[in-house]
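Chemist: Sending over a structure as structure tokens; questions will come in a sec.
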Amino acid sequence: MLQHSLIYLTAAVVMVPLFQFLGLGSVLGYLIGGILIGPYGFGFISGAEEVLHFSEIGVVLLLFLIGLELNPRKLWNLRRPLIGMGGAQVVVTAGLVTVILLAMSYDVKKSIVIALGFALSSTAVSLSILRERNRLNTAMGKSAFSVLLFQDLAVIPLMAFLPWLAGAGGSTEGIIPFRAIGAVLLVAFLGRFLLRPVFRLVAQTNLREVFTAFSLLLVLGIAALMQSVGVSMALGSFLAGVLLADSEYRHELEIDIEPFKGLLLGLFFIAIGMSIDLSVVKIAPGSVVLTLFALLAAKIISLMLIAKIFRFDLSENLLFAIILSQGGEFAFVLYSLAQSVGLITSEDKNFYVLIVALSMATTPVLLKIYEQTFYKIWSRKVHTYNVEAPHSENNPVIIAGFGRFGQVLGRILHTLNIGTTVLDYDPGHIEFMKKFGWKSFYGDVTRLDLLEAAGAATAKILVIAIKGPSTSRLVAELVRERFPHLKLFVRVETRPDAYAWINESVPVYRDTLGSSLEMAEDVLKSLGFGAYEARKVVRQFRTHDEEMLRRSARHAGDDKTLLAIARQSREDLRQLMEDDVKRMRDLQSEGWG
Amino acid sequence: MKKTLFYFVHPVPRKSRTNRRVLEEIKLLPEVTVRDLYETYPHFHIDVDFEKNLLLAHDLIVFQHPMYWYSCPPLMKLWIDEVLERGFAYGEGGEALKGKFWMQIISTGGPETAYQRSGYNRFTISELLRPFEQTAELCQMHYLKPFLIQGVRQLSDLSIQDAAEGARHYLQDAINGKVEKFSSI
């Protein structure tokens, strides 16, 4: 077990950076790494099947994370590309591939089965590439995503279709959709009403690993539930993500699951690499290469056709087609099923599983070629589609700490429709704000990953409105190191807390100063001062006080000097006020009023 | 009987002798709406709609203020800038103040003799007040002759009391339509 882990990790650590460096992307690195350590490479590890099965969790987590970024409303907005483009893609690609297979003198049923399997792209490969290249939010990326999502949905009826095609009689699983809908409703219901209190309970234990464990349990539990009602685990976890996309624990979930997703998805690709049966290539290299390229060509052409029909930017059509060009993990499932119902032989299955696996490996290579050639030619046009509508979470302001202090700013920004992301560590607090329709996220602001998830990379301003000076310092340190572009605004509680910030020219706000000054103004008014005069006096005090604070900050730590400054300051202020009174008197005596 | 809106405009009334006395006298007049601009808007944030409604409800608008640098205190200027909007007070459709009356009660430090060609202020008060006269004109208001309390620096407490009572009588006359319209041209 330990030995295996070492081998997997070594393969990943060696191959992925190497392929990244070559510009071929991490996916190909994992695949080649898998081939090398697998039974058909150096033979360090056998039993790819088992690993593949386990690491499918990586795909599940990936889709869950994708789902988290899409709330039901956004998903609904995708319905047209999803059904139109996705449906057209499966039909056109499967049709074209069938024709080619028929031309290779396969029988009809076999051609249809293999074509259907190949029409489905690899969600894991495509989404990894889109994410790696930051293309998920472009129009092309969204279309690709829609197509992938439709394919995931299409698997369900396809699984029912194969036995029927084999003549095994009508599907007896007519109740599946019914049960699937029930399961989705159940998850939606639990997500809405039960999840929040449970999360809060778990969060209150203050044990990070329990929170992480709960997050994983939640995702895998939902995936298992979905699988038990005949929905693929990937699709099920995607739906779970969508249903939880509006939850305030979203960022925390993202952070907790992300590393597991990364590792398991890597393992998944390694397992695919391990399962590539190179012996077939040795026996019939010609037919492997020929088939691979024929199918790839058919798929790319059909995808470009779809892209053309749905009118992309010309330069994006080919990219779209390449990203979706490979066969995917669902092909493995379909081919296994087809073999078990007798539609294809086990040799066919092995051959086409190999083709599909190889097609996954060709994607990064084709992409590289594309980028080296076509992209450069079209790059003059690039800027026209690089300007995409910003992600909805591209908020310019992040407020850390949404207590009574942070809320005021938050409400003002909200009124002005200025996008604001709110982070708070108090689950009760978030719960309370939720009642008022606020969107706030639970989490420890000193965590780099939470700041990242909150959009620190794209935000302009970070307001640190939390209590506790050391925590604020910690956040600032982190931000300076990783997001130096962020402008900081900091709440402090005491004068000494303010010193360090002032010396760094960070604007600080003493949290009770404003209200004490306001009160002073009103007290003066009650003593017979005019409203404007009271305001002037208080304003003057404030200016003086801030000046003194700045002076003190330069001598932070030197108590003697600070005391002297405080004494001097009191004297100065008295003098100042006296002068002011005298000035007023002069004004009157000079006859100004 | 003109419905009268009276604006008291002084930044630091606590330290004023004359203007505060005048205000106290004016407050003796029944049915005059008295407003203290600096007391109401110490943060210079004027409630424009509220002020406009007040204007609509009155016929005679009076400002009492000291002369600062040959003009009014800054909050009164801000009030003019913000409340007398186009489309309300002037310009297309701006006839809300048409036919109403504008009057000022003004204190000056310098004596009357200072406000003439030979004096150190070189201009007469009515010349210096021309921006206000024209403001009323553009709003199609009637500009009434201002009431002046001059040389307040030299005034004894007794004279101040006289001046304050004089201001009250003058305003009473204006309310009764006995103050003449004025033009410096």
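Chemist: Please give the residues from segment B:17-44 for which the solvent-accessible area of heavy atoms, probe 1.4 Å, is smaller by at least 40 Å² with all protein chains in place than with the chain isolated.
Modeler: Residues of segment B:17-44 that lose at least 40 Å² of accessible area once the other chains are added: B:Glu39, B:Pro42, B:His43.
Chemist: Over chain A, calculate the relative contact order: mean separation of alpha carbon pairs under 8 Å at least 6 apart, over the residue count, as a percent.
Modeler: Numbers: 777 pairs, mean separation 96.1, N = 593.
Value for chain A: 16 percent.
Chemist: Give the carbon-plus-sulfur fraction of the accessible surface of the protein assembly as shown in %, rounded to a whole number; probe 1.4 Å, heavy atoms of protein chains only.
Modeler: The nonpolar share, carbon plus sulfur, comes to 61 percent.
Chemist: Find how much the distance from B:Val34 to B:Ser156 grows on full extension, using 0.36 nm per residue of separation minus their present alpha carbon separation; answer in nm with one decimal.
Modeler: The span from B:Val34 to B:Ser156 would gain 41.3 nm if fully extended.
Chemist: Here's a follow-up. For segment A:436-547, what relative contact order do you get, as a whole percent, if you take Cα pairs closer than 8 Å and at least 6 residues apart?
Modeler: Value for segment A:436-547: 17 percent.
Chemist: OK, next. Could you work out how far apart the two model spin labels at A:Ile369 and A:Lys560 are, taking each label as a point 7 Å from the Cα in the direction of the beta carbon, and quote it in nm?
Modeler: Using points 7 Å along Cα→Cβ, the separation is 7.9 nm.
Chemist: Quick one: dipole size for segment A:174-270, taken about the Cα centre, charges +1 on Lys/Arg Cβ and -1 on Asp/Glu Cβ, in debye to the nearest 20. Mind showing how you got there, number by number?
Modeler: On the way: 7 positive and 7 negative charges, 54 e Å.
Approximately 260 debye in magnitude.
Chemist: Percent antiparallel among DSSP beta bridges with both residues in the protein assembly as shown, to the nearest 5?
Modeler: 5 percent
Chemist: Same structure again: Can you list the residues in segment A:518-543 whose accessible area drops by at least 40 Å² when all protein chains are present, compared with the chain alone? Use a 1.4 Å probe, heavy atoms only.
Modeler: A:Ala531, A:Tyr532, A:Glu533, A:Arg535
Chemist: Could you size up the charge dipole of the protein assembly as shown around its Cα centre, putting +1 on the beta carbon of Lys and Arg and -1 on that of Asp and Glu, and report it in debye to the nearest 20?
Modeler: Dipole magnitude for the protein assembly as shown comes out near 860 debye.
Chemist: Could you list which residues have their amide H under 5 Å from that of A:Thr421, counting only those 5 or more apart in sequence or on another chain, with H placed in the peptide plane?
Modeler: A:Val397, A:Ile398, A:Ile399
Chemist: Once the Cα atoms of helix A:531-553 and of chain A are each reduced to a long axis, what angle between those two axes, in degrees from 0 to 90 to the nearest 10, is obtained?
Modeler: 70 degrees
Chemist: Sticking with this one: For the protein assembly as shown, with the dipole built from +1 on Lys and Arg beta-carbon atoms and -1 on Asp and Glu ones, taken about the Cα centre, which of A:Ser215, B:Ala136, A:Gly191 lies farthest toward the positive end?
Modeler: Checking the options against the dipole of the protein assembly as shown, the answer is B:Ala136.
Chemist: In the full protein assembly as shown, how much of B:Val179 is accessible to a 1.4 Å probe, in Å² to the nearest 10?
Modeler: B:Val179 has an accessible surface of roughly 20 Å² with all protein chains in place.
Chemist: Of A:Leu343, A:Leu448, which has the most accessible area and how do the rest follow, probe 1.4 Å? Each step should come with its number before you reach the end.
Modeler: Working: A:Leu343 20, A:Leu448 45 Å².
Largest accessible area first, the residues go A:Leu448, A:Leu343.
Chemist: Can you tell me which lysines have their Cα less than 30 Å from the Cα of A:Lys74? Leave out same-chain residues fewer than eight positions away.
Modeler: A:Lys142, A:Lys261, A:Lys299, A:Lys308, A:Lys381, A:Lys434, A:Lys435, A:Lys439, A:Lys460
Chemist: Now a separate question. Over the Cα atoms of the protein assembly as shown, how large are the radius of gyration and the largest Cα-Cα distance (Dmax), in Å?
Modeler: Using the Cα atoms of the protein assembly as shown, the pair Rg, Dmax is 39.5, 124 Å.
Chemist: Follow-up question, since we're still on this one. Counting Lys and Arg as +1 and Asp and Glu as -1, what is the net charge of the other residues whose Cβ lies under 10 Å from the Cβ of B:Leu84?
Modeler: -2
Chemist: Nearest 5 percent is fine: what portion of the DSSP beta bridges confined to chain B is antiparallel?
Modeler: Among the beta bridges of chain B, antiparallel pairing accounts for roughly 10 percent.
Chemist: Simple spin-label model, 7 Å along Cα-to-Cβ: B:Leu54 to A:Val198 in nm?
Modeler: Modelled inter-label distance: 6.2 nm.
Chemist: So, for segment A:283-364, what is the accessible surface per residue at a probe of 1.4 Å, expressed in square angstrom?
Modeler: Using a 1.4 Å probe on heavy atoms only, each residue of segment A:283-364 averages 35 Å².
Chemist: Shape verdict for segment A:19-115, please, from the Cα gyration tensor: rounded (a/c under 1.5), prolate (a/b greater than b/c) or oblate.
Modeler: Details: a/c = 2.13, a/b = 1.13, b/c = 1.88.
Judged from the Cα gyration tensor, segment A:19-115 comes out oblate (a/c at least 1.5, b/c at or above a/b).
Chemist: Within 10 Å of each Cβ in peptide B:104-111, how many partner chain Cβ atoms are there on average? Round it to a whole number, please.
Modeler: That average works out to 2.
Chemist: B plus A alone minus the pair: what accessible area, both sides summed, probe 1.4 Å, in Å² to 100?
Modeler: About 1700 Å² of accessible surface is lost on pairing.
Chemist: Let me ask another. Of the cross-linked pairs B:Lys2/B:Lys98; B:Lys77/B:Lys100; A:Lys110/A:Lys349; B:Lys52/B:Lys145; B:Lys3/B:Lys52, which ones have a Cα-Cα span greater than 21 Å in the structure shown?
Modeler: Violating the 21 Å Cα-Cα cut-off are B:Lys52/B:Lys145.
Chemist: Using only Cα atoms and rounding to the nearest 10 degrees, what angle (0 to 90) does helix B:157-175 make with the longest principal axis of chain B?
Modeler: That helix lies at roughly 30 degrees to the long axis.
Chemist: Over the C-alpha atoms of segment A:252-348, what are the Rg and the largest Cα-to-Cα span, Dmax, in Å?
Modeler: When restricted to the Cα atoms of segment A:252-348, Rg and Dmax are 17.7, 51 Å.
Chemist: Rolling a 1.4 Å sphere over the protein heavy atoms, what is the accessible area per residue of chain B, to the nearest Å²?
Modeler: Working: 8920 Å² over 185 residues.
Value returned for chain B: 48 Å² of accessible area per residue.
Chemist: Right, next: Could you pull the accessible area for A:Arg208 with a 1.4 Å probe, rounded to 10 Å²?
Modeler: In the full protein context, A:Arg208 sits at about 70 Å².
Chemist: Follow-up question, since we're still on this one. Between 0 and 90 degrees, rounded to the nearest ten: what's the tilt of helix A:469-482 against the longest Cα principal axis of chain A?
Modeler: Value to nearest ten degrees: 50.
Chemist: Relative contact order of segment A:3-48: what whole-number percent is it, with Cα pairs under 8 angstrom and at least 6 residues apart?
Modeler: Worked out over segment A:3-48, it gives 29 percent.
Chemist: A further question follows. Where the Cα atoms of chain B are projected onto their three principal axes, how long is each span, largest first, in whole Å?
Modeler: Reported extents, whole Å, longest axis first: 47, 36, 35.
Chemist: How many nm separate the modelled label positions at A:Arg480 and A:Asn77, each set 7 Å beyond the Cα in the direction of the Cβ?
Modeler: Reported label-point gap for A:Arg480 and A:Asn77 is 3.9 nm.
The values are calculated or read from the model by the stated rules, or taken from the named source; none is laboratory data. Everything numeric in this text was worked out from a predicted model, so none of it was measured. Counting neighbours? That spans all protein chains shown, and the Cβs are built from the backbone with ideal geometry, glycine included. When the accessible area is computed, the model is the full protein with side chains, heavy atoms only, and any ligands, DNA or RNA have been set aside. Shrake-Rupley method; radii C 1.70, N 1.55, O 1.52, S 1.80 Å.
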